[in-house]
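S.K.: Pasting in a structure now, in structure tokens, and then I'll have a few things to ask.
Please treat every number below as a calculation from the coordinates, not as lab data. As the structure is a prediction and not an experimental result, all values here were calculated from the model. All Cβ positions, glycine included, derive from the backbone under ideal geometry; neighbour counts span all protein chains shown.
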Amino acid sequence: MIKREDGFTLLEMLIVLSAFLVVVSFVSLFFRMSAAYVNSGGKFNRFEWLVFNQQAKVELRETKEIKIVNSTIYFYKQNGEKVTYEKYGSFIRRRVNDQGHEIMLQHISSVFYSSESQGLRIRVMTDRGDEYETFIASFFPMKVKAS
């Protein structure tokens, strides 16, 4: 009687080979993405600036009163929360009721807030000397708390 030898069939080998090729194809994509991440280190990210602007618009439109002290702004909201944007090292961080540590922007050397008749102006200077500025219009007159 002929004994069948155990081993891999051609079909099994093709399945393993195709799975291996799929994994290898993702490795090159991973290396490209990690190299782009490493090369962008230490730079101000424009996308973070856009997200920061949108978040600041939301804060301003939900606020009843603001207070500006040096490089810190306090938003006093209708629901009683106090939201703070403050320079913290080379970051701008957001805190709610003096708790938490949400990084809003990185690689910042200075930030200036100024209250204007129709809204809020924010100016940021990056570590590399680039300046970004935005004006956020307010729908309602803002009360500015004396600092």
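S.K.: Tell me the net charge near I136. Cut-off is 13 Å between Cβ atoms, I136 excluded, with +1 for each Lys or Arg and -1 for each Asp or Glu. Mind showing how you got there, number by number?
M.R.: Details: positive: K57, R61, R121, R123; negative: E59, E62, E116, E133.
That sum, taken over residues with Cβ under 13 Å, equals 0.
S.K.: Work out the length of the dipole vector of the chain about its Cα centre, built from +1 on the beta-carbon of each Lys and Arg and -1 on the beta-carbon of each Asp and Glu, and round it to the nearest 20 debye. Working shown, then result.
M.R.: Numbers: 20 positive and 16 negative charges, 94 e Å.
With only Lys, Arg, Asp and Glu charged at Cβ, the dipole is about 460 debye.
S.K.: Hey, another quick one. Pop a pseudo-label 7 angstrom from the Cα along the beta-carbon direction at both K77 and N53 and give the gap in nm to one decimal.
M.R.: 2.3 nm
S.K.: I would also like to ask the following. Given the -39500 (n - 2.57) contribution per DSSP H run of 4+ residues, what per-residue ellipticity at 222 nm results for the chain, rounded to the nearest 500 deg cm²/dmol?
M.R.: Helix-only estimate at 222 nm: -11000 deg cm²/dmol.
S.K.: Tally Lys/Arg at +1 and Asp/Glu at -1 over every other residue whose Cβ is under 12 Å from the Cβ of G80; what's the total? Walk me through the intermediate numbers first.
M.R.: Working: positive: K64, K77, K82; negative: E62, E65, E81.
Summing Lys and Arg as +1 and Asp and Glu as -1 gives 0.
S.K.: If I stretch the segment between F8 and S34 completely, what's the gain in nm (0.36 nm per residue apart, minus their alpha carbon distance), one decimal? Walk me through the intermediate numbers first.
M.R.: Details: separation 26, 0.36 × 26 = 9.36 nm, distance 3.68 nm.
Separation in residues times 0.36 nm, less the Cα-Cα distance, equals 5.7 nm.
S.K.: Evaluate the distance, in nm, between pseudo-label points positioned 7 Å from the Cα of S117 and of V69 along their respective Cα→Cβ axes.
M.R.: With each label placed 7 Å out from Cα toward Cβ, I get 2.9 nm.
S.K.: Lysine pairs in the chain with Cα distance under 20 Å, only those 8 or more apart or on different chains: how many are there?
M.R.: 21
S.K.: As an exercise, use a Förster radius of 35 Å and the Cβ-Cβ distance of F135 and L21 to find the FRET efficiency, rounded to the nearest 0.05. Numbers along the way, then the final one.
M.R.: Values: r = 53 Å, r/R0 = 1.51.
The calculated FRET efficiency here is 0.10.
S.K.: Let me ask something else. Using per-residue counts of other Cβ atoms within 10 Å, averaged over each peptide, order 55-64, 90-99, 14-23 from highest down. Don't jump to the answer; show the numbers that get you there.
M.R.: Numbers: 55-64: 16.7, 90-99: 14.3, 14-23: 10.1.
Going by the mean number of other Cβ atoms within 10 Å, highest first, we get 55-64, 90-99, 14-23.
S.K.: Give the angle, between 0 and 90 degrees and rounded to the nearest 10, that separates the Cα long axis of helix 46-61 from the longest principal axis of the Cα atoms of the chain.
M.R.: Here the helix axis deviates by roughly 50 degrees.
S.K.: Tell me, what is the FRET efficiency for Y88 and E62 to the nearest 0.05, using R0 = 35 angstrom and their Cβ-Cβ distance as r?
M.R.: Working: r = 22 Å, r/R0 = 0.64.
Using R0 = 35 Å, I get an efficiency of 0.95.
S.K.: Additional query: Specify the angular offset, from 0 to 90 degrees and rounded to the nearest 10, of the alpha carbon long axis of helix 10-39 from the longest principal axis of the alpha carbons in the chain.
M.R.: That works out to roughly 30 degrees.
S.K.: Of all the Cα-Cα pairs you can form in the chain, what percent are over 22 Å apart?
M.R.: 55 percent
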